[in-house]
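Asker: Can you keep this structure in mind? I'll have questions shortly.
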Amino acid sequence: MPAPVPTHDTLHRRGLMFILSSPSGAGKTTIARRLLEADSDICLSVSATTRPIRPGEVDGTDYHFVSDAEFDRMVEGDEFYEWARVFGHRYGTPKAHIRAGLKEGQDFLFDIDWQGTQQLSQKDKADVVPVFILPPSLEELHRRLVARAQDSEEVIDGRMARAQAEISHWDGYDYVVVNDDVEECFIKVREILHAERMKRKRQTGLIDFVRELMRGA
Ligand SMILES: Nc1ncnc2c1ncn2[C@@H]1O[C@H](COP(=O)(O)OP(=O)(O)OP(=O)(O)O)[C@@H](O)[C@H]1O
Ligand SMILES: Nc1nc2c(ncn2[C@@H]2O[C@H](COP(=O)(O)O)[C@@H](O)[C@H]2O)c(=O)[nH]1
């Protein structure tokens with residue numbers, strides 16, 4: 001049977017790795033959740049972490065919460081795409097499914113820090129779309145961490161102490177968005193995702209489609 005003629009609706013596209021990074025409390029998890037609700041074509045890359053679970057978090061949905069020994073086993077088994085130590089705990093991206101998913105056209109959303117972004121960019125630059133979220137001010141960042149009411153004062157102080165060091169990595173990102181108003185920030189981030197999907201290099205089915213157009217069929 002002859003292969004079906006491609007149409008613009010059925011064009012194959014390679015998936016992308018959409019990364020959101022920011023200092024703790026700037027709002028990347030909030031924006032990530034909005035994006036996942038609004039767009040069924042992107043799914044969250046659920047990281048493994050050794051940090052304790054927070055109230056309201058669900059194991060397997062927000063993170064895979066694992067022991068130090070389990071994390072060691074995963075590192076030794078080469079199960080991570082990238083991993084890093086952040087705020088005294090280890091966090092890593094399990095690589096199962098991601099490479100195969102990208103080939104199939106699945107987009108993945110990553111809520112990871114600058115160390116993980118560097119590692120993914122070094123491995124698969126063409127698939128990575130790195131976005132950095134900035135807070136409108138350090139005062140507002142502190143207010144948000146306190147208002148989130150999920151970390152002790154000591155943990156919040158530690159995260160604030162690291163905020164400027166995190167912000168110093170802003171220039172390693174292709175896109176930078178200030179999260180002042182959540183809705184405005186979400187719209188900008190969604191626009192970046194939509195534009196990146198249209199890049200010629202990602203639309204791998206274009207060659208056959210254009211070939212058909214050129215044949216005048
Ligand atoms: N634009 C905004 N205006 C006011 N509050 C916000 C805004 N964006 C996020 N928040 C709130 O700030 C707090 C921190 O947001 P969030 O948990 O999304 O940050 P984060 O960058 O993912 O932090 P972490 O790296 O610690 O996970 C949350 O309580 C969230 O509801
Ligand atoms: N390099 C990686 N960083 C990660 C990963 N998962 C989360 N993170 C980053 O850790 C901090 C703290 O997160 P929190 O949930 O404890 O507040 C934050 O910057 C995340 O983006 C990962 O798999 N790799």
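Asker: Of all DSSP beta bridges in the chain, what percent run antiparallel (nearest 5)?
Answerer: 30
Asker: Using the eigenvalues of the Cα gyration tensor, what equivalent ellipsoid semi-axes result for the chain when each is taken as the square root of five times the eigenvalue, whole Å, largest first?
Answerer: Values for the chain, descending: 35, 21, 14 Å.
Asker: In the structure displayed, which of 123/188; 95/188; 123/199 lie more than 25 Å apart, Cα to Cα?
Answerer: Among 123/188; 95/188; 123/199, the Cα-Cα distance tops 25 Å for 123/188; 95/188.
Asker: Taking the Cα-to-Cβ direction at residue 194 and at residue 115 and moving 7 Å from each Cα, how far apart do the two end points lie in nm?
Answerer: 3.7
Asker: Starting from the Cα of residue 46, step 7 Å toward the Cβ, then list every residue of the stretch 62-99 with an amide N under 15 Å from that point.
Answerer: Inside the label zone: 62-67, 92-98.
Asker: Counting other Cβ atoms within 10 Å, which chymotrypsin sites (Phe, Trp or Tyr not before Pro) in the stretch 78-177 have at most 15 and lie in a DSSP loop?
Answerer: 87
Asker: To continue, here is another question. What is the P(r) of the stretch 116-185, as percent of Cα-Cα pairs per 10 Å bin from 0?
Answerer: Spelled out bin by bin, the stretch 116-185 gives 18, 41, 32, 9, 0 percent.
Asker: Scan around residue 134 for amide H atoms under 5 Å from its own, H built in the peptide plane at 1.01 Å from N, and keep only partners 5 or more places away or cross-chain.
Answerer: Counting only residues 5 or more places away or on other chains, the set is 177, 178, 179.
Asker: Please report, ordered by residue number, every helix of the chain (full DSSP H runs) that is 18 Å or longer along its axis going by C-alpha atoms and whose mean Kyte-Doolittle hydropathy reaches -1.0.
Answerer: Membrane-span-like by this criterion, though nothing is claimed about a membrane: 153-167, 182-197.
Asker: For residue 19, enumerate residues with amide H under 5 Å from its amide H, sequence gap 5+ or separate chain, H modeled in the peptide plane.
Answerer: Residues meeting the criterion, in which the H sits 1.01 Å from N, are 110, 129, 131.
Asker: For the stretch 39-159, state what percent of all Cα-Cα pairs lands in each successive 5 Å bin, counting from 0 Å until the bin that includes the largest distance.
Answerer: Reading upward from the zero bin: 2, 9, 17, 21, 21, 16, 10, 4, 1.
Taken together, the values in this text are just the output of simple stated rules run on the coordinates, not laboratory data. This structure is a prediction, so every number in the text was calculated from the model and none was measured. Note: ideal-geometry Cβ built from the backbone for every residue, glycine included; neighbour counts use all protein chains shown.
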